[in-house]
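First up is the structure itself, then whatever we jot down about it.
Readers should treat all values here as calculations from the given coordinates under stated rules, not as data from a laboratory. Everything numeric here is computed off the predicted structure, so don't read it as measured data. We place every Cβ from the backbone using ideal geometry, glycine too, and count neighbours over all the protein chains shown.
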Amino acid sequence: MELFWYAVLGAFFATYLVLGGYDYGVGLLLTRADGATGRRRALNALGPFFLGNEVWLVATAGILFGAFPMLEGELLSGFYPAVATALAGVMTVTASVQLRSRAAGERGRYRWDRLITVGSVLAAFGWGAVLAGLLQGVPMDADGHVAGVTHLLTPFVAATGLTLVTLVAVHGATFLALRLPGSAAEAAGRTARRLVPVAVTTVAAATVVGLLAEPVRANAHQPAAAVLLPVLLVTALLVARAALARRRPGVAFAATATALALPVLLIATTIWPYALISTVDPAASLTVADAAASPPTLRLLGWLAAPLLPALLGFQLMSWWMFRGRIDGRAPVYW
Amino acid sequence: MDPLLLARLQFATTTSIHFLFVLVTLGLVTLLLYLQTAWTITRKPVYERLTRFWGTLYVINYVLGIASGILMEFQFGLNWSGLSRHVGNVFGAPLAMETLVAFFLESTFLGMWIFGWHRLHRGVHLALLWGVALTAYASAFWVMVANSWLQNPVGYEVRNGIAHLTDFSALLTNPTLGMALGHVLAAALLTGGMLMAGISSWHLIRRTPDFELFRKSLRIGLVTATVGVIFVQGFGFAQFGVVGPVQPTKYGSEAAKDAAIADWTARFGPGDYTPPVLANVGLGFMILIGLGLGLLVFLVPLLYRDWLIRLRFPLYLLLLAVPLPFVASILGWLTREVGRQPWMAYGLLPVERAVSGVDGGVMLVSFLGFSLLLGALTVANWTLIARHAARGAHDPALGRPPGAEPAGPDGDPFRDPTDHPDNSRFAPVPA
Ligand code: HDD
Ligand code: HEM
Ligand code: HEM
């Protein structure tokens, strides 16, 4: 039962990184968009999906609280600065995307668009830092007390945060190559192709820095996963580049989506059977089984919530289907 | 600084802001259901215009509901890690249900509703709004289940210092739930109605050319607010009856209070178990506002032959009364939440055991940073709502037909009329 909910938790967070990832990628690329028109077009390419994307994060937090209460508090408060950075970014992006076109005048909209970009960087970097933190472990004692915040100031955390930023940039550009009409799509595809080497470099750098870091090596309980998955990640990026070169944005998008989902799998399997590792007191580390809610709670969620999961997915699929294809003059413009 | 104090201040600030937006969301979505359903059935254009105008304000307001809600959700883990550690097995379940049952679908539906105008079948489009409204009510329900459990923990047993769920149905029949939920939903209806009546009054005071439209929304708003205030009073007074017995230190008699404190002293050691007086001050003012707004009942007869509009001064009253329900709601929550101090979960988990073990400095930066961010976004959001409300209903952004964008010079639907290709940043518009 724990394993089922752990998989659901991972799936929700990974889906959030995939879907929210292209929101943030598009947000980053606003700085390179073709004037105010280009920015607006990019945001309306997110259009109907935007609200349904970030809600995967909200649901992740709900599942974390409901099914893994022991983990929820320790994880979030243990990585306080990283989580707070990500949250500030998420809130800024959410508000700015939705409000920017309600502002009158170009200057106001331009300012909101700048905020979208800043928020996107913070969100991607913050979640990357949280993922890195999970590999590094927290200096947490058995009462849940965490000493200071300096454990997050390591090269590995910085490298992983940066990696997430470059990954969402590639992913966002690929999304635009898929959604925008005509020549705008071509330009987005070119941007995406140029960004792939940058992303590959950051992935490689993060992997090397991680392998050199003593705590990360110590926490890698499943070294095979730690080696195999980064290789897969790089492969996915290269596939995306090749597909873009052949004008197959759909395939490229599937590949970059895989690249954003992989980090979650990578971290979760590498530290398995642990969910959160303490660097100061081995007894304070939480395995997945320790972290889970007690059986009556999991049973309740199994009866009430699990049957709903297909319906949730179904409605999202419906939304993707209804608004599929490239945006054109027939779609309402709202953001 | 003391992390406990900061965590409490931060919770109070964020939640109060969240609730101001949520009240409007819940109130307006109910009114929109009426408007869009009426439009779908009667096909009268005035209902379409009303739906689009009030829908625009609703959607703008919604933005901060989400932004502050996300912060709320994570705040439990950031600042109150002891909450999930000690009582998460019980308290987490309703919150998980809230996110999966309510928010997930609510946001998905809302995205489709906003972008579905002129694209989806009318019936489907209306069904989406019903979906948004039902899930909004569901989220209010589940979060109140969670809150009521903190007010009066039920359906659990403690083993090794950790609460385990024994009876989920007890959470749903919690005596602190029913009347509070009714009171909150009635307050939302009252707030939505007042907002609608107030904004309509403003346009009527300025003798808007859109007389028919704002006359209609004035009437709908006033009637809704009046129904709302009656239920607010009913559920409000009823709360004393149910909350009193389970929270003796809040509304109990001296004897009950002393008995509870003696019991806690025996179990948790000596301490100060009386809530701060702040709680009761808020209560008095809320009731005053509630009784004052009860006078709305006397305005309803003036709807006859539009006396309300012709006399004009009732319009000023309605406009001035708009802030009152917001103030009352914050005071009500202060009463409810401060009144349960010093407990996180009443009689079970003291607040100091629930607060996270992080440094005061971290908490301070977080409190200041997030309050500043949320405060700035709130001000920006209300400014935009006010501007769009004042602009009137001739061309609301929501539901604008795709071709009819205030299109760019070359008819590009994504180009703003103010967007100049050669000057694509923002240079002032040449005359
Ligand atoms: C529009 C806003 C509004 C108005 C006009 C009133 N209230 Fe209220 N009140 C709320 C909005 C609210 C609230 C924000 O919705 C609260 C906070 C928690 C809750 O359940 O509802 C609340 C709480 C609350 C509580 C606290 C329950 C507890 O401690 O657990 C009581 C006893 C009352 N109300 C009673 C009243 C009475 C007797 C009113 C006037 C006749 C009144 N309220 C008007
Ligand atoms: C949206 C309306 C709400 C408002 C305005 C509100 C207000 C407040 C205030 C003023 C405090 C500080 C009390 C003090 O420290 O003296 C507080 C604390 C708290 N509230 Fe609420 N509350 C709301 C809803 C909720 C709900 C729905 C829950 C639970 C699901 C909740 C859970 C908490 C928690 C965990 C704390 C911190 C611990 C404490 O100080 O007791 N609140 N809230
Ligand atoms: C203190 C506990 C609370 C938490 C953790 C919380 C959490 C959230 C979150 C995460 C969202 C955004 C959902 C989205 O992305 O769509 C949200 C929105 C919402 N909340 Fe809360 N909330 C709390 C208190 C309340 C209360 C007291 C009510 C009402 C009684 C309420 C009603 C709503 C509604 C109706 C929405 C959707 C509309 C909107 O976004 O404006 N919440 N909340």
Just to verify a number: FRET efficiency for B:Thr274 and B:Ile230, C-beta to C-beta distance, R0 = 56 Å, to 0.05?
0.95
Net lengthening on full extension, B:Thr13/B:His118 (0.36 nm per residue, minus Cα-Cα):
33.8 nm
Between Rg and the Kirkwood Rh of chain A, both from Cα atoms, what is the Rg to Rh ratio?
0.97
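May I ask you to sort A:Asp290, A:Asp328 by Cβ crowding, counting other Cβ atoms within 10 Å and putting the fewest first? Don't jump to the answer; show the numbers that get you there.
Working: A:Asp290 15, A:Asp328 10.
Lowest to highest Cβ neighbour count: A:Asp328, A:Asp290.
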Going Cα to Cα from B:Lys44, which lysines come in below 17 Å? Please leave out same-chain ones fewer than 8 positions away.
B:Lys216
Which of the three applies to the protein assembly as shown, rounded, prolate or oblate, going by the alpha-carbon gyration tensor with a ≥ b ≥ c and a/c under 1.5 meaning rounded?
oblate
Evaluate the distance, in nm, between pseudo-label points positioned 7 Å from the Cα of A:Arg194 and of B:Met1 along their respective Cα→Cβ axes.
4.6
Within segment B:140-165, whose backbone N sits under 14 Å from a point 7 Å along Cα→Cβ of A:Leu308?
B:140-146
Going by amide H atoms built from the backbone, whose H comes under 5 Å of the H on A:Asp34, apart from near neighbours?
A:Arg39
Under the 7 Å Cα-to-Cβ spin-label approximation, A:Thr31 and A:Val231 lie apart by a distance in nanometres of 3.5
Computed E for B:Ser371/A:Asp141 - FRET, C-beta separation, R0 22 angstrom, nearest 0.05:
0.15
Taking Cα centroids, how far is segment B:198-228 from segment B:331-346 in Å?
37
Based on the alpha-carbon gyration tensor of segment A:216-325 and its eigenvalue square roots a ≥ b ≥ c, which shape applies: rounded if a/c is under 1.5, prolate if not and a/b is larger than b/c, or oblate?
oblate
Fully extended, how many nm does the chain gain between B:Asp167 and B:Arg206 (0.36 nm per residue separation, minus their Cα-Cα distance)?
8.3 nm
Show the residues, 5+ positions off or on another chain, whose built amide H is closer than 5 Å to the amide H of B:Met344.
B:Leu349, B:Val351
Report the full-extension gain for the segment B:Asp258 to B:Ala386: residue separation times 0.36 nm, less the Cα-Cα distance, to one decimal in nm.
41.1 nm
Shape verdict for segment A:105-261, please, from the Cα gyration tensor: rounded (a/c under 1.5), prolate (a/b greater than b/c) or oblate.
oblate
Total formal charge among the other residues, if their Cβ is under 11 angstrom from that of B:Thr274, Lys/Arg +1 and Asp/Glu -1
0
